[in-house]
Protein chains: 2
Amino acid sequence: MAVDPSGAPLDGLAATLREGALVTDRDLVAGYRHDWARDPDAGWPLAVVRATCTADVQAAVRWAAEHRVPLVPRGAGSGLSGGSSAVDGGIVVSLERMRDIRVDPVSKVAVVQPGLFNIEVKRAAAEHGLFYPPDPSSYEICSIGGNAATNAGGLCCVKYGVTSDYVLGMEVVLADGTAVRLGGPRIKDVAGLSLTKLFVGSEGTLGVITELTLRLVPMPPPASTLVAAFPTFDASAAAVVAMTRTLRPSMLELMDRTSINAVEDFTSMGLDRAAGALLVAQSDAPGHAAGEEIAALAKIAEEHGATEVFATDDPAEGEAFAAARRAAFPALERLGNLLLEDVGVPLPLLPELVRGIEAIAAEREVTIAVVAHAGDGNTHPLVVYDAGDEAAVARAQLAFGEVMDLALSLGGTITGEHGVGRLKRAWLPSYLGEDVLALTRRVKDALDPLGILNPGAILE
Amino acid sequence: MAVDPSGAPLDGLAATLREGALVTDRDLVAGYRHDWARDPDAGWPLAVVRATCTADVQAAVRWAAEHRVPLVPRGAGSGLSGGSSAVDGGIVVSLERMRDIRVDPVSKVAVVQPGLFNIEVKRAAAEHGLFYPPDPSSYEICSIGGNAATNAGGLCCVKYGVTSDYVLGMEVVLADGTAVRLGGPRIKDVAGLSLTKLFVGSEGTLGVITELTLRLVPMPPPASTLVAAFPTFDASAAAVVAMTRTLRPSMLELMDRTSINAVEDFTSMGLDRAAGALLVAQSDAPGHAAGEEIAALAKIAEEHGATEVFATDDPAEGEAFAAARRAAFPALERLGNLLLEDVGVPLPLLPELVRGIEAIAAEREVTIAVVAHAGDGNTHPLVVYDAGDEAAVARAQLAFGEVMDLALSLGGTITGEHGVGRLKRAWLPSYLGEDVLALTRRVKDALDPLGILNPGAILE
């Protein structure tokens, strides 16, 4: 019998799983240690359970509970906060193989397993003329289970809201291995506490989601797109504030000069390298209303000093600009290592946040590029640094914390859509305050009394 | 010192409250025993605290905790499930006097105290060209705090979602008297567990909400309205299913023949008394799109056998039909006493639910009128009975339970938007099942270990 150093008999686990679900080969296990945040403190797990069904997940949780072994749930591993960094001596439960989907076009719901990619949910819905709105930039490679675990956002949220708004129900495996069903295919359901919503965004610390019932809406018409260049970020942010005051665009994104140049290096699209900010907005209003909305957005952009304004109702051309915005992460990754921020502030404070970030970048002598889901006040400052230069690493980490401190001082949040994970955990207490931290701990302890579920994520 | 029979010194409470907040006069207290559900088992409280500020609520909760006295929070008392029935020997905390509101038109949020009526929130938002969507039929007299406590719905939910979708943050007094702030004016915020959403819909069993931060959206254009009469309820329900498949109306309501006739008796609007169902739909799509959407809805209505189809883009005329639908409760109340149901099923099962309700009404020899937020699959069967006739009361109560059992057998919910309160509590265990009930209990016990917060609501 294989016994790991902590004394937990892995053979006992293997016997309760479907054939082949348990992975202990060190090379294979290595691939499950990190998510995209590349947490340097990620541990070495004893084993990975590649679950094929809810029963596998239950068996893994029961085993972890019995042996007091930490369990880290994991979707596609595209998380940006270290929420699925492996833990030394723990096990990783990967949901990547649980990939069923069933779309009910009459109830307008999709019942999906957690391993499916977001884009696959969108595609399955689209086959029935239906739309699953949430669209993290990583939608082609992020899992729907991870989306629910982090309450993921995206570019559409300014009009369509976040993942939580679309999760009507779920099956979740609790800390004792019990699988429960919460909610269901009903838009309105207030029978009992809002437990479904509590599990959304809990980052695997309260249970492991094994199925989701997602709300779908009728497919909106293809979007029209506006692209506007502004001399300064301030001017573009002021335009965004004015736009959201009366209009409901389906996308309202900003890139700062550093991002524009990195993306232009990457894509050679002909973006204006001298612009202080580039705005990409879309409208998917029905009929003539999209054109009217784009015209109204263009007018506001011009009133706020936009130097170049381009509109198109060609969906492919519009998507190229949206894709350029989404390409900011990979484009900037070519410049160096990245620390990914996700700070948000009340919309009117967006210019102040960005000015403060510029000051931090200057002070710490690091590059910080800013892309923003501007309509939501949610930004992704990306701290670019050279991992080989120890002093640069230290300065980058200092800047990373200072950006979160800045957001907090502006009444903002340390994470708008990526989650706290492990990399932002140290800043959570000052965001929540002592009393809400204690409340959070009470909920966590009630649902995971042994503390085996994703320990170290969200809470210390 | 006034000491109540349970030994709790009320004078100690009075000393910690603002002048005049404590009410012990029996005639005044009597007005705080019931909500609209007229729960016959409502108790006699020791006193009512008419809180004027968060500190009053904290003082009341601390006193209740110290003396182990049940505390029932209460908004406008328009609840339909007995969620604010008073408890013998407890205290009622009324939030009716906490009525501040502050609209921030740039962040597009309203920060409101719980005692404000829903309509007052809508009006304050409208002054800034903004819209607070949730619209319970009682919106002119229900409190926004009660809306959040029950996760209230309304007529707009088919397009705009429910209260929970608009609650971005809150101040809530916990069971030990601590006041905490959860969330805030940010559309995206995933820092920590989704506690804000957990408190929404918790019916005062986890804490007392003393302030809400609500998301507002730009005011949509005035709605156009479609009214269609159908020979049978089945035909109307099939039309609704077809409509929601491709269109996003902002209202999609049905009334059955009993409701139509009761409302016509009440309003003399000239509704078709012979119709099997009346559909009232609205579109608030921008520009020409509203007319196009109404035309598309009309076409589907006709394809499903509508005998009379009437469209108008006159907002006042449209509102008259919406008001007729909302008048169903008071209109039916004239026919006798009411037991108010709130069952919901997945949309395709709506015809089956209504057929089953008809069978129950025939079997139990009671009148059951049905109005429905049809686009959501949420219905309000209203059991009409004569409270003076003991046998009729018994038959009505039997029917009341059987309708919930029917909804459960169809995979539905016992309450879509009114809450469990006390009157539906007995059906919650069979809806949730043993494991989810235990999970609910764990959360409740963690947040209210002494069980002082609205005991008897939701849970036994």
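The values are calculated or read from the model by the stated rules, or taken from the named source; none is laboratory data. Every value quoted in this text rests on a predicted model; they were computed, and no experiment measured them. Cβ placement follows ideal geometry from the backbone for every residue including glycine, while neighbour counts extend to all protein chains displayed. Each accessible area value is taken on the protein alone, full model and side chains, heavy atoms only, with ligands, DNA and RNA left out. Shrake-Rupley method; radii C 1.70, N 1.55, O 1.52, S 1.80 Å.
The condition of being surrounded by 24 or more Cβ atoms within 10 Å (Cβ to Cβ), closer than 30 Å to B:Val240 by Cβ and touching a residue at least 60 places away in the same chain (Cβ under 8 Å) holds for only one of B:Thr415, B:Thr367, that being B:Thr415. Sub-6 Å Cβ pairs linking a first residue in segment B:246-262 that is more than 30 Å from A:Pro220 (Cα to Cα) to a second residue that is open to solvent by less than 10 Å² (accessible area, probe 1.4 Å) and in a helix (DSSP H, G or I), at least 6 apart or interchain, are B:Ser259/B:Ala328; B:Ala262/B:Ala331; B:Ala262/B:Leu332, ordered by first then second residue. Each residue in segment B:132-155 was checked for being surrounded by fewer than 22 Cβ atoms within 10 Å (Cβ to Cβ) and touching a residue at least 24 places away in the same chain (Cβ under 8 Å), and 1 pass. Note on segment A:92-134: residues that are over 22 Å from A:Glu203 (Cα atoms) and not in a strand (DSSP E or B) amount to 12.
Screening B:Arg257 on (1) touching a Pro at 6+ places or on another chain (Cβ under 9 Å); (2) away from chain A (no Cβ under 13 Å) shows it passes everything except condition (1).
Looking across B:Val371, B:Val366, B:Val354, one residue alone is outside the structural domain of B:Ser283 (by TED's automatic domain parsing), of a type outside the set (Lys, Arg), within 21 Å of B:Ala152 (Cα to Cα) and touching a strand residue (DSSP E or B) at 6+ places or on another chain (Cβ under 9 Å). It is B:Val371. Within segment A:147-183, if we keep just the residues that are small (Gly, Ala, Ser) and within 7 Å of chain B (Cβ to nearest Cβ), the residue that is farthest from B:Ala191 (Cα to Cα) turns out to be A:Gly161. Of all residues in segment B:112-127, those satisfying the criterion of being open to solvent by 20 Å² or more (accessible area, probe 1.4 Å) and closer than 30 Å to B:Trp63 by Cα are B:Gln113, B:Phe117.
Considering only segment A:408-415, I want to know if a residue exists there that is more than 10 Å from chain B (Cβ to nearest Cβ) and in a loop (DSSP other than H, G, I, E, B). The answer is yes; a qualifying residue exists. Quick check on segment A:273-293: of everything there that is open to solvent by less than 50 Å² (accessible area, probe 1.4 Å) and among the charged types (D, E, K, R), which residue is nearest to the chain's Cα centre (by Cα)? Within segment A:273-293, the match that is nearest to the chain's Cα centre (by Cα) is A:Asp284.
Taking segment A:341-351 only, how many residues are open to solvent by 10 Å² or more (accessible area, probe 1.4 Å) and either touching a strand residue (DSSP E or B) at 6+ places or on another chain (Cβ under 6 Å) or in the same structural domain as A:Thr267 (by TED's automatic domain parsing) (or both)? Of the residues in segment A:341-351, 0 are open to solvent by 10 Å² or more (accessible area, probe 1.4 Å) and either touching a strand residue (DSSP E or B) at 6+ places or on another chain (Cβ under 6 Å) or in the same structural domain as A:Thr267 (by TED's automatic domain parsing) (or both).
Restricting segment B:430-460 to residues that are within 23 Å of B:Asp39 (Cβ to Cβ) and at the interface with another protein chain (Cβ under 10 Å from one of its Cβ atoms), which is surrounded by the fewest Cβ atoms within 10 Å (Cβ to Cβ)?
Restricting to residues being within 23 Å of B:Asp39 (Cβ to Cβ) and at the interface with another protein chain (Cβ under 10 Å from one of its Cβ atoms), the top hit is B:Arg441.
Which pairs turn up if I take residues in segment A:45-60 that are outside the structural domain of A:Gly20 (by TED's automatic domain parsing) and look for partners that are buried (at least 22 other Cβ atoms within 10 Å of the Cβ) with beta carbon separation below 8 Å, at least 6 apart in sequence or on another chain? Going by the 8 Å Cβ cut-off, there are no qualifying pairs.
Among the residues of segment B:78-93, those that are under 22 Å from B:Ser137 (Cα atoms) and either acidic (Asp, Glu) or away from chain A (no Cβ under 13 Å) (or both) comprise B:Ser78, B:Gly82, B:Ser84, B:Ser85.
Which of the residues spanning segment A:184-222 are in contact with a Gly (Cβ under 6 Å, 6 or more places away or on another chain), more than 7 Å from every other protein chain (Cβ to nearest Cβ) and charged (D, E, K, R)? Listed by number, the list holds a single entry, A:Glu203. Which condition breaks for B:Asp234 when tested against (1) of a type in the set (D, E, K, R); (2) open to solvent by less than 10 Å² (accessible area, probe 1.4 Å); (3) more than 10 Å from chain A (Cβ to nearest Cβ)? Every condition holds for B:Asp234 apart from (2). Taking segment A:382-431 only, how many residues are under 14 Å from A:Gly336 (Cα atoms) and within 19 Å of the chain's Cα centre (by Cα)? Total meeting the criteria: 2.
Whenever a residue of segment B:320-345 is at positive phi, its partners that are among the hydroxyl-bearing types (Ser, Thr, Tyr), lying with C-beta atoms within less than 6 angstrom and at least six residues away or across chains, give the pairs B:Gly336/B:Tyr385.
The residue that is most open to solvent (accessible area, probe 1.4 Å), among those in segment B:309-332 that are within 22 Å of B:Arg38 (Cβ to Cβ) and touching a helix residue (DSSP H, G or I) at 6+ places or on another chain (Cβ under 9 Å), is B:Pro330.
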